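The values are calculated or read from the model by the stated rules, or taken from the named source; none is laboratory data. Just so we're clear, the structure is a prediction, and the values are computed from it rather than from any experiment. Cβ sites come from the backbone with ideal geometry, for glycine too, and all protein chains shown count toward neighbours.
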Amino acid sequence: MSFSIQPIAFESEGATLRGRLYLPDGEPPFPVVAMANGFSATITMTVDRYAEAFASSGIAALLWDHRNFGISDGEPRQQINPWLQARGYRCALDFLAAEPRVDPKRIGVWGDSMAGGVVLVVAACDERVRAVVAQVPACGRTPPPDDPDGQRFAQIRTTLLQGDISATPETTVGPLPVVSADQAGTPSLLTPLTAFRWFIEYGARHNSGWQNQATRAAPPVPEPYHPALAAPFVTVPTLALISPDDEMPGANPQVSRPAFLSIAGPTEIVDIEGGHFGIMFDPSPELEFSIRTQVRFLERHL
């Protein structure tokens, strides 16, 4: 199926987020997936390949750059704040709810790496989400604290919906390079050599909008951000693609797998090859396997 691509913009927390709406040919309204890339990556860094595949299968895709990155507005530039990213998803849902060519009752959320954890928080807090796809999800280096009565998650939900998520100098790391080939001389936010290889290969391409510098904000909130605390409160169909050999400390499979196993709704966990970045190299067998798996899941549940 052929599709069209249209530039879009929507407001989030006082800034304009920009991206693309991929619309299948055919009779609307279409099911739709709200999509953002991981960490500091932008919409041209392989994530657009997934959006194209979804649109070719009859599923619309809304793809945007996170606030402070790429073609989106927002200050301070290059600052990563997971709370702001989660609010960006909710504003994308607002945009889709007003878009007549998509079906507001068939909206999924999609995230890679860091955004794979963010979509868990969004799905647990926003009933408009009907399906979740998280690939190599970053759910933290260590398991979440116990939350037997759900009070920790309740604090996370309150923070997302109405809390103060402002960064402070004391809780902000950087600016630092996102990746570096010389950790002894030039340390970076992401240290594995595979991260350097992928970000430099795709971020250095013309018009990617990616910059090899970022700050990481952890706002001082009542309950620190930990997406695994939200997992038991996700009730919609969820697909997780997890690498047993994930080399990124923040995407520790010993944390992400139990998190997704705790999801209340129907859940599929698919093991993938190629480590953290294998499914983001195009072309590759890992990418094609990931796309086929995700399309089948979304066709069933949206």
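Structure notes:
- Segment 100-111, residues that are closer than 12 Å to Leu239 by Cα and out of contact with any His (no Cβ under 9 Å at 6 or more places or on another chain): Val109, Trp110, Gly111
- Scanning segment 129-146 for residues that are under 23 Å from Gly88 (Cβ atoms) and of a type in the set (Lys, Arg) yields a single hit, Arg130.
- Scanning segment 211-245 for residues that are of a type in the set (A, V, I, L, M, F, W, C), touching a residue at least 60 places away in the same chain (Cβ under 8 Å) and farther than 30 Å from Leu302 by Cβ gives Ala214, Ala217, Val221.
- Listed by first and then second residue, the pairs with beta-carbon distance under 6 Å, at least 6 apart or on different chains, first residue in segment 92-106 and under 19 Å from His301 (Cβ atoms), second modelled with pLDDT of 95 or more and among the aromatic types (Phe, Trp, Tyr), are Val102/Phe30.
- Matching residues in segment 108-139 - criterion: being part of a strand (DSSP E or B), touching an Asp or Glu at 6+ places or on another chain (Cβ under 9 Å) and of a type outside the set (A, V, I, L, M): Gln135
- Within the span defined as segment 140-154, one or more residues are at pLDDT 95 or above, farther than 21 Å from Val255 by Cβ and part of a loop (DSSP other than H, G, I, E, B).
- On inspection, Leu161 fails the criterion of being within 19 Å of Phe39 (Cβ to Cβ) and at pLDDT 95 or above.
- Selection count, segment 52-79, where residues are within 13 Å of the chain's Cα centre (by Cα) and hydrophobic (A, V, I, L, M, F, W, C): 3
- Segment 80-107 - residue that is more than 13 Å from the chain's Cα centre (by Cα) and assigned to a helix (DSSP H, G or I) and, of those, surrounded by the fewest Cβ atoms within 10 Å (Cβ to Cβ): Ala97
- Among the numbered conditions (1) out of contact with any Pro (no Cβ under 6 Å at 6 or more places or on another chain); (2) within 23 Å of Gln78 (Cα to Cα); (3) of a type outside the set (A, V, I, L, M, F, W, C), the only one that Thr171 does not meet is (1).
- When residues of segment 108-150 are limited to those that are under 21 Å from Phe54 (Cα atoms) and basic (Lys, Arg), the one surrounded by the fewest Cβ atoms within 10 Å (Cβ to Cβ): Arg128
- Pairs with Cβ under 6 Å, 6+ apart, first in segment 1-24 and β-branched (Val, Ile, Thr), second assigned to a strand (DSSP E or B): Ile5/Arg20; Ile5/Tyr22; Ile8/Gly19; Ile8/Leu21; Thr16/Ala9
- Thr42 vs. criteria over 21 Å from Gly74 (Cα atoms), of a type in the set (Val, Ile, Thr) and out of contact with any strand residue (DSSP E or B) (no Cβ under 6 Å at 6 or more places or on another chain): no
Residue-by-condition table, conditions (1) touching a helix residue (DSSP H, G or I) at 6+ places or on another chain (Cβ under 7 Å); (2) at pLDDT below 95; (3) closer than 25 Å to Pro100 by Cα; (4) in a strand (DSSP E or B):
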{"site": "Leu17", "(1), (2), (3), (4)": "yes, no, yes, yes"}
{"site": "Pro28", "(1), (2), (3), (4)": "no, no, yes, no"}
{"site": "Ala34", "(1), (2), (3), (4)": "yes, no, yes, yes"}
{"site": "Ser40", "(1), (2), (3), (4)": "no, no, no, no"}
{"site": "Thr44", "(1), (2), (3), (4)": "no, no, no, no"}
{"site": "Ala51", "(1), (2), (3), (4)": "no, no, yes, no"}
{"site": "Arg77", "(1), (2), (3), (4)": "no, no, no, no"}
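- Val179 within 17 Å of the chain's Cα centre (by Cα) and either at pLDDT 95 or above or under 22 Å from Ser12 (Cα atoms) (or both): no
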